[in-house]
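Colleague: Handing you this structure, nothing more for now.
The values are calculated or read from the model by the stated rules, or taken from the named source; none is laboratory data. Model, not experiment: these values are computed from the prediction. Heads up, the Cβs are rebuilt from the backbone with ideal geometry, glycines too, and the neighbour counts pull from every protein chain shown.
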Amino acid sequence: MKYFWRGLVLLVVLFVVVMVVSVVGGMATMMNPQSFAKLDEPSILHLKLEGPIIDGGDLLDNLIKYRDKDNIKGVLIEINSPGGVVGPSQELYREVKRVREEWQKPVAVAGGAVVASGAYYTAVAGERIFVNPGTLMGSIGVIIEFADLSELFKFAKIQPQVIKTGAYKDTGAPHRAMRDDEKQYMQAVIDEVHGQFKDAVATSRNLRAEFVAEWADGRIFPGEKAVKLGFADEVGTVVDARRWIGEKTGLGNTPKLFEPPEPRQPFVKALLEGFSPASKVEAAMREVLRYRMSGQPLAIMPGATGL
């Protein structure tokens, strides 16, 4: 009987804790000024691209949501990313470029620790790129990886039965090694995507295609060298980028930055994640494995995943 009462007391205590956290969390949300962010005066839309690019994420959503607003006079994007999946990187590139071409609004990019591969693909859509002297830039290239687990399948005595509609439908399947013709086929695929990447850089940066090709072998280079080569515009910080876009839009040296409110996370999910010390680590690992093992062409800096 005593175990019953102990369990009951524990449930009551847990219920009280949940209720207290819920109330406090709700009050914090109400007191958070970003929850009620208003675009009531001419401002610069301030966005960030951080970490691996898996999809367009909040940057893409907020860009599309706010770029046509009258009080948004320009866009400032801070980037600290090694790149990621090609498709979303290209989507970000196109939509950032549309801000300049369709809405005639300037876009400044401020590079942090790394602006590489798919992140650089996104960055070249901006009108002016600011980087730190040591910002890791470039890595203009594409990679795709498949794991050959055929020996593991043999060890486990697993014999996959494959029914397919064409010779290349199971290219990259883990239960067998790739044939030479499959390797040539996949090489042609990433060569085409690589060509799209190089064209975007050459066109956006007003560089000769031959020059871009010379540096588009996946190598990285520091920000200062990127400026000298023409892959970036100026050695500077986000403060310099803000000043530039402020002057460009006539809003002064320190224009008001509009920070889109963060999407509200379901309370139960936030609570459970908060009680799990390993939750962030596990999420990061899942994210890395998701794009590393996706079988998709990646525009990502070498060694970025640690795998």
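Colleague: Go through region 174-206 and give me each residue that's in contact with a helix residue (DSSP H, G or I) (Cβ under 7 Å, 6 or more places away or on another chain), in contact (Cβ under 8 Å) with a residue 60 or more places away in the chain and either among the β-branched types (V, I, T) or assigned to a loop (DSSP other than H, G, I, E, B) (or both).
Modeller: V193, V201 - these are the residues of region 174-206 that are in contact with a helix residue (DSSP H, G or I) (Cβ under 7 Å, 6 or more places away or on another chain), in contact (Cβ under 8 Å) with a residue 60 or more places away in the chain and either among the β-branched types (V, I, T) or assigned to a loop (DSSP other than H, G, I, E, B) (or both).
Colleague: Identify, please: which residue in region 249-269 is under 22 Å from the mean Cα position of the chain (by Cα) and surrounded by fewer than 18 Cβ atoms within 10 Å (Cβ to Cβ) and is, among those, modelled with the lowest pLDDT?
Modeller: Filtering region 249-269 for residues that are under 22 Å from the mean Cα position of the chain (by Cα) and surrounded by fewer than 18 Cβ atoms within 10 Å (Cβ to Cβ), the one modelled with the lowest pLDDT comes out as Q265.
Colleague: Within region 216-230, count every residue that is under 18 Å from E78 (Cβ atoms) and under 20 Å from the mean Cα position of the chain (by Cα).
Modeller: 1
Colleague: Looking only at region 182-195, which residues are over 14 Å from E145 (Cβ atoms) and surrounded by 14 or more Cβ atoms within 10 Å (Cβ to Cβ)?
Modeller: Answer for region 182-195, where residues must be over 14 Å from E145 (Cβ atoms) and surrounded by 14 or more Cβ atoms within 10 Å (Cβ to Cβ): Y185, V193, H194, G195.
Colleague: Scan (1) crowded, with 24+ Cβ neighbours inside 10 Å; (2) part of a strand (DSSP E or B); (3) hydrophobic (A, V, I, L, M, F, W, C) for the single condition A113 breaks and write down its number.
Modeller: (1)
Colleague: Residue pairs, Cβ under 8 Å, 6 or more apart or interchain, first in region 159-173 and on the phi > 0 side of the Ramachandran plot, second surrounded by fewer than 10 Cβ atoms within 10 Å (Cβ to Cβ) and among the hydroxyl-bearing types (S, T, Y). List them.
Modeller: none
Colleague: Among (1) part of a strand (DSSP E or B); (2) closer than 11 Å to I77 by Cα, there is one condition G126 misses while meeting the rest; what is its number?
Modeller: (1)
Colleague: Now for a separate question. For region 236-248, give me each residue that is surrounded by fewer than 18 Cβ atoms within 10 Å (Cβ to Cβ) and either touching a Pro at 6+ places or on another chain (Cβ under 8 Å) or not hydrophobic (A, V, I, L, M, F, W, C) (or both).
Modeller: Result: T237, D240, E247.
Colleague: Quick check on my filter: what residues within region 207-231 are assigned to a loop (DSSP other than H, G, I, E, B) and closer than 15 Å to Q196 by Cα?
Modeller: Answer for region 207-231, where residues must be assigned to a loop (DSSP other than H, G, I, E, B) and closer than 15 Å to Q196 by Cα: L207, R208, A216, D217, G218.
Colleague: All but one of (1) at pLDDT 95 or above; (2) charged (D, E, K, R); (3) over 21 Å from E50 (Cα atoms) hold for D148, so report the exception by its number.
Modeller: (1)
Colleague: Sort through L45, L59 and tell me the only one that's within 9 Å of the chain's Cα centre (by Cα) and under 22 Å from V131 (Cα atoms).
Modeller: L59
Colleague: Give the residues of region 85-109 that are without any contact (Cβ under 8 Å) to a residue 40 or more places away in the chain, of a type in the set (A, V, I, L, M) and more than 18 Å from F231 (Cβ to Cβ), sorted by residue number.
Modeller: Correct list: V99 only.
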